[in-house]
Amino acid sequence: MPALLLGLVATALCGASSASAGPGASGAARTEGCGAELDAAHRLVATAAWQEGAATVAFVPDPAPWAVGRHFSLRGVVCGPARLLRVDADMPAHRHGMNYRPTLQLQEGGRFTAQGLLLHMPGRWRIRLEVEAQGRRQWLEQTVDVK
Ligand SMILES: [Cu+2]
């Protein structure tokens with residue numbers, strides 16, 4: 001049992017630091033089913049793990065695809081025992097974020113819409129979602145290359 005928990009935590013840390021959402025062995029099933037109603041061509045998935053379970057966030061840009069200099073929303077769903085607190089985006093290589101602060105609307109069934117995002121230059125952006133579970137906060141991240 002302790003080995004399993006360590007595995008979950010390692011997966012979460014790896015996903016957060018490398019900005020890739022490799023599903024861990026235990027989180028795979030949840031990840032696969034999460035956000036199945038979203039457009040698979042543009043859907044991104046990020047996973048976090050806590051001692052009592054994993055949480056996955058699936059989301060798409062609206063309108064899609066990802067584009068430079070255009071206002072868009074993120075529509076998505078949180079699967080698992082976590083609450084979405086905040087959505088943001090930044091360019092790690094340039095050490096800057098967006099020039100806008102998105103507003104987050106939580107809906108039923110874990111669904112959410114974050115409005116007012118704009119990626120103002122081409123390059124590698126990181127979509128960031130802060131979730132909370134069991135009194136702990138964690139940023140989930142996914143990389144987007146925008147032209
Ligand atoms: Cu930049």
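Residue by residue through region 50-68, note down the ones that are in a strand (DSSP E or B) and small (Gly, Ala, Ser).
Of all residues in region 50-68, those in a strand (DSSP E or B) come to 50, 53-62.
Of everything in region 50-68, those that are in a strand (DSSP E or B) and small (Gly, Ala, Ser) turn out to be Gly53, Ala54, Ala55, Ala58.
In the condition set (1) polar (S, T, N, Q); (2) away from the ligand (no atom under 16 Å from the Cβ); (3) in contact (Cβ under 8 Å) with a residue 40 or more places away in the chain, Thr56 is compliant with all but (3). Filtered by the rule that a residue be open to solvent by less than 60 Å² (accessible area, probe 1.4 Å) and within 13 Å of the ligand (Cβ to nearest atom), region 120-143 gives Met121, Gly123, Trp125, Arg126.
Matching residues to (1) free of Cβ contacts under 8 Å to residues at least 60 places away in the same chain; (2) open to solvent by less than 60 Å² (accessible area, probe 1.4 Å); (3) out of contact with any Cys (no Cβ under 6 Å at 6 or more places or on another chain); (4) assigned to a strand (DSSP E or B):
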site: Ala48; (1), (2), (3), (4): no, yes, yes, yes
site: Arg70; (1), (2), (3), (4): yes, no, yes, no
site: Gly76; (1), (2), (3), (4): yes, yes, yes, yes
site: His94; (1), (2), (3), (4): yes, no, yes, no
site: Asn99; (1), (2), (3), (4): yes, no, yes, no
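Of the residues making up region 93-119, those that are within 16 Å of the ligand (Cβ to nearest atom) and either touching a Gly at 6+ places or on another chain (Cβ under 6 Å) or among the hydroxyl-bearing types (Ser, Thr, Tyr) (or both) number 1.
Among the residues of region 101-119, how many are closer than 22 Å to Val146 by Cα and either open to solvent by 70 Å² or more (accessible area, probe 1.4 Å) or in contact with a helix residue (DSSP H, G or I) (Cβ under 6 Å, 6 or more places away or on another chain) (or both)? First the steps, then the outcome.
Restricting attention to region 101-119, the residues satisfying the condition of being closer than 22 Å to Val146 by Cα are 101-103, 113-119.
Checking the rest, the ones that are also either open to solvent by 70 Å² or more (accessible area, probe 1.4 Å) or in contact with a helix residue (DSSP H, G or I) (Cβ under 6 Å, 6 or more places away or on another chain) (or both) come to 101, 103, 115.
Of the residues in region 101-119, 3 are closer than 22 Å to Val146 by Cα and either open to solvent by 70 Å² or more (accessible area, probe 1.4 Å) or in contact with a helix residue (DSSP H, G or I) (Cβ under 6 Å, 6 or more places away or on another chain) (or both).
The values are calculated or read from the model by the stated rules, or taken from the named source; none is laboratory data. Just so you know, these numbers come straight off a predicted model, no measurement behind them. Cβ sites come from the backbone with ideal geometry, for glycine too, and all protein chains shown count toward neighbours. Quick note on the areas: whole protein, heavy atoms, side chains included, nothing else; ligands and nucleic acids left out. Shrake-Rupley method; radii C 1.70, N 1.55, O 1.52, S 1.80 Å.
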